[in-house]
Amino acid sequence: MHILVADDDPVVADVVRRYLQRDGMDVVVVASGAEALAEIERSPIDLAVLDVMMPEGDGIEVCRTIRASDHPDLPVIMLTALGDADDRVLGLETGADDYLAKPFSPRELSLRVQSVLRRAGTHVGNGVDTVTDGDVHVDVPARELWVGSQSVSTTKREFDLVTFFLAHPDVVFSRDELLEKVWGWTVGDLSTVTVHVKRLRAKLGDASQIDTVWGQGYRWTSTAGATDA
């Protein structure tokens, strides 16, 4: 696995590099947003770790550029300063798959990297190939989401979330359950789920059937005639 670490703090970058290399990963370290984007265009990257506060393009800007580029599915983990909740939410809304607040345990970051990489290569479709409900159609093997005749671009985590909902219609899942079943985490910030649901609703528009069940969680409410294939 080829991991890009973009952080202008040489101490943090070196510690992260050593931990990831210890797990058998190839690591490239850069110190700016511009260098990060250049490396992504130059080399095959499996996952990017981006610090929010970087020169020549901060992590938010880099993540936004990645999602609008030829590499929209590249998994991204964002590093943010402790207490910067707005930055964390903005990072997730921009398309980050996960985030960690500084200071963090390098081992925890290593585990998060492995978790995101597993999710990137795993389908959450309960064994089905395609799922259609109303105007929403998911092609699981191709990892494509369609609303009517319009293809919808998603991050890997957004795709896994909508696929999970469609594979389990009319069932209410708490944020804890979604965090475990879709993210594969037993411990994590529940706002991660909230932000991804918000983002997914925005992308699906009027076709979204994700309902909030107050005090319980979220449910995909199926339409009449929904079909699995």
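Side notes on the structure shown:
- Strands (runs of 3 or more DSSP E) contained entirely in the stretch 134-191, each with at least 1 residues that are in contact with a Ser or Thr (Cβ under 7 Å, 6 or more places away or on another chain): 136-139, 144-147
- When THR154 is tested against (1) open to solvent by less than 50 Å² (accessible area, probe 1.4 Å); (2) at pLDDT 90 or above; (3) polar (S, T, N, Q), only condition (2) is not met.
- Test for GLY205: is it on the phi > 0 side of the Ramachandran plot and part of a helix (DSSP H, G or I): yes
The values are calculated or read from the model by the stated rules, or taken from the named source; none is laboratory data. Since the structure is predicted, the reported quantities are computational estimates derived from the model, not experimental observations. Backbone-built Cβ (ideal geometry, glycine too); neighbour counts: all protein chains shown. With ligands, DNA and RNA removed, areas are computed over all heavy atoms of the protein, side chains included. Shrake-Rupley method; radii C 1.70, N 1.55, O 1.52, S 1.80 Å.
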